[in-house]
Amino acid sequence: MAWVLITVAAIVAVVVLGWFASRALLSRLGAASRRSPHEMRAGLSPRARALVDRAFEDLDPARLLDYHVHVAGNGSGGTGCCITPQMLSWWHPIKRIQLAVYMDSAGVRHFDRADGEFMAHLATLVRTIERHGRHCLLAFDQHHLENGDVDVERTELYVPNEYVFELHEKHPDLFLPVISVHPYRPDALDELDLYGARGARIVKWLPNAMGMDPASPRCDAFYDRLVHWRMALLTHVGVEKAIDSRGLQDVGNPLRLRRPLERGVKVIAAHCGSLGKGKDLDHPGAPDRPNFELFLRMMDEPRYAGLLFGELSAVGQSNRGTGPIGVMLERTDLHPRLVNGSDWPLPAINVLYSTRSYERDGYVTKDERASLREIYDFNPLLFDLVLKRTLKHPRTGARFPAAVFHSHPELGP
């Protein structure tokens, strides 16, 4: 009997502590913006407004494109989206708090209307940017096993391809659809044909969470079909932290992208491999190397010019330091092969971005940092863009050119 009481007490304690912890975390981590984006036009100081104007002065809104914007939901409104039940249970307090932070950051206040509120908030953020471009909305396929079956237990997030197409058709001036197709699905090639015929030009993968190996021969037919439809592969590279990837971090190794590249697939390496270490597959037995170093090795191989591209989402987050973003600024030879992404809604999670470190290391001035924080209070999505356009290498003075923020002519869509 005593152990039953102890167990019940422990459960109650976890629930209570988890609830209060989640409220504290929400105020500290997620949705750190304190003011409505509608107030931004009148609310920004002249100094902050000047920083925004400078960021946009050579950008063409017709070509401005964010390649990496997440969509999520629980299926409310018949969207077909879903999230793992673990995120709804206090038996999994970390996941439960994680969901609360994500919801708050994405502007979701009512769980039973989550899908609609997520997109309404995102559309508001985009529309209140005076010279906004368009944003690629990422579908997200389920985790699949080697035999092609769906692994429900390992699927934390699912966003159907049809949903992102519906959002594009509803807001063609704001959003473009990016499909997600697992190569182990029995109908994978049919799915590529279906959406290729409808105009899809980019496929999203997160191998660490979805369970595919980019270096597997079983992906060859999939790669050939991508080439047929002139589809680029936007794939996560490096260690994954946001979605459960236990036991599968090795498939995020940049060197595993050699197989699709050798078959002529244009590959966009999300985050430039800027987190964690991977095996040096080119030199068996050698020590593990930073994934960012392995990514740069690939970028420096002449045979991959015109095929391999880097994508800047998350490269400047606090958990990566200023090192990777500094290298990408300094390597002006790589700028023609870079594209921009925000990884929304992560920019709205305050703890992930430290303007203090950028000022400390000389990438922004004190005044620029103050203006960036001011912009963040109104619109974290705008902040992400203005931050990247403001960064200046402390030694060389190099900045990211306008072309990095435009749709790339070799990638579409």
Boolean, residue 367 is free of Cβ contacts under 8 Å to residues at least 60 places away in the same chain and at negative phi
no
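Going by the conditions given, is residue 306 part of a loop (DSSP other than H, G, I, E, B) and either touching a Lys or Arg at 6+ places or on another chain (Cβ under 9 Å) or open to solvent by 10 Å² or more (accessible area, probe 1.4 Å) (or both)? Break it down stepwise before answering.
On the way: part of a loop (DSSP other than H, G, I, E, B): yes; either touching a Lys or Arg at 6+ places or on another chain (Cβ under 9 Å) or open to solvent by 10 Å² or more (accessible area, probe 1.4 Å) (or both): yes.
Considered against the rule, which asks whether it is part of a loop (DSSP other than H, G, I, E, B) and either touching a Lys or Arg at 6+ places or on another chain (Cβ under 9 Å) or open to solvent by 10 Å² or more (accessible area, probe 1.4 Å) (or both), residue 306 comes out as yes.
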Residue hits (the stretch 167-198; closer than 16 Å to residue 413 by Cβ, without any contact (Cβ under 8 Å) to a residue 40 or more places away in the chain and not hydrophobic (A, V, I, L, M, F, W, C)) are 168, 169, 172, 173, 195, 196, 198
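Please state which one of 201, 131, 154, 127 is in contact (Cβ under 8 Å) with a residue 60 or more places away in the chain, closer than 30 Å to residue 44 by Cβ and of a type in the set (Lys, Arg).
Working: 201 fails: closer than 30 Å to residue 44 by Cβ; 154 fails: closer than 30 Å to residue 44 by Cβ; 127 fails: in contact (Cβ under 8 Å) with a residue 60 or more places away in the chain.
None of the others qualify; the one that does is 131.
Residue-by-condition table, conditions (1) within 21 Å of the chain's Cα centre (by Cα); (2) closer than 21 Å to residue 331 by Cβ; (3) hydrophobic (A, V, I, L, M, F, W, C):
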site	(1), (2), (3)
376	yes, no, no
386	yes, no, yes
391	yes, yes, yes
406	yes, yes, no
412	yes, no, no
Could you list, in sequence order, the residues of the stretch 258-268 that are in contact with a strand residue (DSSP E or B) (Cβ under 7 Å, 6 or more places away or on another chain) and open to solvent by 10 Å² or more (accessible area, probe 1.4 Å)?
266
Check off (1) hydroxyl-bearing (Ser, Thr, Tyr); (2) over 19 Å from residue 206 (Cβ atoms); (3) open to solvent by less than 20 Å² (accessible area, probe 1.4 Å) for residue 163 and give me the number that stays unchecked.
(2)
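Go over the candidates 242, 221, 215 one by one and state the one that is open to solvent by 10 Å² or more (accessible area, probe 1.4 Å), among the aliphatic types (A, V, I, L, M) and free of Cβ contacts under 8 Å to residues at least 40 places away in the same chain. Before you say what the answer is, go through the steps one by one.
Details: 242 fails: free of Cβ contacts under 8 Å to residues at least 40 places away in the same chain; 215 fails: free of Cβ contacts under 8 Å to residues at least 40 places away in the same chain.
Exactly one of 242, 221, 215 is open to solvent by 10 Å² or more (accessible area, probe 1.4 Å), among the aliphatic types (A, V, I, L, M) and free of Cβ contacts under 8 Å to residues at least 40 places away in the same chain, namely 221.
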Residue hits (the stretch 167-205; of a type in the set (A, V, I, L, M, F, W, C) and open to solvent by 10 Å² or more (accessible area, probe 1.4 Å)) are 167, 176, 189, 194, 197
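How about the stretch 83-94: which of its residues are surrounded by fewer than 19 Cβ atoms within 10 Å (Cβ to Cβ) and part of a helix (DSSP H, G or I)? Full working, then the answer.
Looking only at the stretch 83-94, we keep the residues that are surrounded by fewer than 19 Cβ atoms within 10 Å (Cβ to Cβ), and these are 85-86, 88-94.
Matches in the stretch 83-94: 85, 86, 88, 93, 94.
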Would you mention how many residues in the stretch 269-324 are closer than 18 Å to residue 358 by Cα, in contact (Cβ under 8 Å) with a residue 40 or more places away in the chain and among the hydroxyl-bearing types (Ser, Thr, Tyr)?
3
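Hey, among 35, 41, which residue is assigned to a helix (DSSP H, G or I) and at pLDDT below 95? Steps first, answer last, please.
Values: 35 fails: assigned to a helix (DSSP H, G or I).
It is 41.
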Odd one out for residue 115, checked against (1) buried (at least 20 other Cβ atoms within 10 Å of the Cβ); (2) over 27 Å from residue 268 (Cα atoms); (3) in contact with a helix residue (DSSP H, G or I) (Cβ under 6 Å, 6 or more places away or on another chain):
(3)
Over the stretch 308-352, the set of residues over 17 Å from residue 67 (Cα atoms), out of contact with any Asp or Glu (no Cβ under 6 Å at 6 or more places or on another chain) and β-branched (Val, Ile, Thr) is 325, 327, 332, 349, 351
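The values are calculated or read from the model by the stated rules, or taken from the named source; none is laboratory data. This is a predicted model, so every value here is computed, not measured. Reconstructed Cβ throughout: ideal geometry from the backbone, glycine too, with neighbour counts over all protein chains shown. Areas reflect the complete protein model, heavy atoms only, side chains present, ligands, DNA and RNA absent. Shrake-Rupley method; radii C 1.70, N 1.55, O 1.52, S 1.80 Å.
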